[in-house]
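S.K.: There's a structure below that I have some questions on.
The values are calculated or read from the model by the stated rules, or taken from the named source; none is laboratory data. The shown structure was predicted, so the numbers you read here are calculated from the model rather than taken from an experiment. Virtual Cβ from ideal backbone geometry, glycine too; neighbours counted across all protein chains shown.
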Amino acid sequence: MGTVFMKNLILLIALALLLGASAFGQADKPKPATETPKFDGEIALAKLAVEAHGGEKLRAMKSLIMRGSVDVTTSAFNQKIPATFVVIFAKEKYRFEINNPFQPIKQVFDGESTSTTIRGGMTLPPITRLGFPVLSMVGEPGFVITPLPEAKKKKRGFRITSPEGYATDFYMDEKTNQIKGYDSTYEISGRQVTTSVVIDKIRVIDGISVPEAYAQRFDTEQITIYADFKTKDILVNTQVADDVFSLGN
């Protein structure tokens with residue numbers, strides 16, 4: 001495989017973990033969410049989902065640490081590429097790492113600024129505004145809950161749009177009310193990018209239900225990535241030192 005291809009591939013692996021952006025350029029800034037009429041049915045569903053994942057324990061969660069492995073294949077190269085990942089959330093702060101044989105990647109946000117090891121200085125979208133972490137923001141100002149788009153109306157779920165305009169569509173299990181999957185679509189530099197997640201296994205830690213194993217598909221106009229994530233270690237409400245959110249550590 002060529003060096004340029006592998007560089008783009010590893011960047012896309014990182015993006016698959018983060019649910020959006022592009023290995024080929026900075027993501028377009030989404031339009032800010034605006035207040036909309038209340039959709040009582042979808043708000044009720046969102047509250048049921050929050051309760052199914054821990055309720056107030058989920059909303060009050062101070063930190064979440066996840067470590068594990070990911071096997072990646074692509075439409076251009078179907079041999080599995082192994083990697084490991086680490087994700088640390090502490091309210092708005094976060095750190096993520098992807099370690100692989102080709103190009104390890106780190107990105108941190110210390111509450112004020114973002115730092116990354118990605119070449120060219122490109123930073124990825126905030127992972128606290130995409131996917132599962134957004135569920136804990138149900139009820140918070142600026143996080144707008146609306147029905148699923150018309151094409152997805154047959155599914156049981158809802159959409160959450162962050163104050164910055166990032167939208168995630170959540171799908172619920174009929175029996176447990178837990179989230180069984182979610183997806184997002186973005187326009188990036190004039191190109192449409194879609195990512196979707198199917199949760200295979202959930203682990204309960206201190207009363208909070210966290211995705212443990214999940215499959216992710218990431219589509220751009222140039223390549224499709226398939227990633228199987230298996231989380232080995234999950235820690236909830238562990239004290240995290242501030243220097244964790246520095247690239248020097």
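S.K.: Please work out which residue is surrounded by the most Cβ atoms within 10 Å (Cβ to Cβ), limiting yourself to the range 217-249 and to residues that are closer than 28 Å to residue 177 by Cβ and touching an Asp or Glu at 6+ places or on another chain (Cβ under 8 Å).
M.R.: Filtering first and then ranking leaves 227.
S.K.: Can you tell me which residues in the range 93-110 are within 17 Å of residue 65 (Cβ to Cβ) and not in a strand (DSSP E or B)?
M.R.: Matches in the range 93-110: 110 only.
Residue-wise test of (1) at pLDDT 80 or above; (2) assigned to a loop (DSSP other than H, G, I, E, B).
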position: 120; (1), (2): no, no
position: 125; (1), (2): no, yes
position: 134; (1), (2): yes, no
position: 163; (1), (2): yes, yes
position: 175; (1), (2): yes, yes
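S.K.: Residue 209 fails exactly one of the following numbered conditions: (1) at pLDDT 90 or above; (2) not in a strand (DSSP E or B). What is the number of that condition?
M.R.: Here residue 209 meets the rest and fails (2).
A quick yes/no check of all residues on (1) closer than 25 Å to residue 224 by Cβ; (2) in contact with an Asp or Glu (Cβ under 9 Å, 6 or more places away or on another chain); (3) of a type in the set (Val, Ile, Thr):
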| residue | (1), (2), (3) |
| --- | --- |
| 60 | no, no, no |
| 64 | no, no, no |
| 98 | yes, no, yes |
| 113 | no, no, no |
| 143 | no, no, no |
| 149 | yes, yes, no |
| 152 | yes, yes, no |
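S.K.: Of all the residues that make up the range 61-92, how many are part of a loop (DSSP other than H, G, I, E, B) and farther than 14 Å from residue 240 by Cα?
M.R.: Qualifying residue count, the range 61-92: 6.
S.K.: Tell me yes or no: at least one residue of the range 137-145 is surrounded by fewer than 16 Cβ atoms within 10 Å (Cβ to Cβ), β-branched (Val, Ile, Thr) and not in a strand (DSSP E or B).
M.R.: Within the range 137-145, not a single residue is surrounded by fewer than 16 Cβ atoms within 10 Å (Cβ to Cβ), β-branched (Val, Ile, Thr) and not in a strand (DSSP E or B).
S.K.: Any idea how many residues of the range 177-201 are farther than 27 Å from residue 69 by Cβ, of a type in the set (Lys, Arg) and either assigned to a loop (DSSP other than H, G, I, E, B) or modelled with pLDDT of 90 or more (or both)?
M.R.: Counting residues in the range 177-201 that are farther than 27 Å from residue 69 by Cβ, of a type in the set (Lys, Arg) and either assigned to a loop (DSSP other than H, G, I, E, B) or modelled with pLDDT of 90 or more (or both) gives 0.
S.K.: Among the listed residues 105, 88, which satisfies the condition of being at pLDDT 85 or above and in contact with a Leu (Cβ under 8 Å, 6 or more places away or on another chain)?
M.R.: 88
S.K.: Just to verify a result, which residue in the range 75-86, among those that are of a type in the set (Val, Ile, Thr) and surrounded by fewer than 20 Cβ atoms within 10 Å (Cβ to Cβ), is farthest from residue 115 (Cα to Cα)?
M.R.: For the range 75-86, the residue satisfying everything is 84.
S.K.: Taking the options 90, 60, name whichever one is small (Gly, Ala, Ser), on the phi < 0 side of the Ramachandran plot and crowded, with 17+ Cβ neighbours inside 10 Å.
M.R.: From the options 90, 60, the qualifying one is 90.
S.K.: Kindly evaluate residue 204 against the criterion of being loosely packed, with under 14 Cβ neighbours inside 10 Å and modelled with pLDDT of 90 or more.
M.R.: Answer is yes for this residue.
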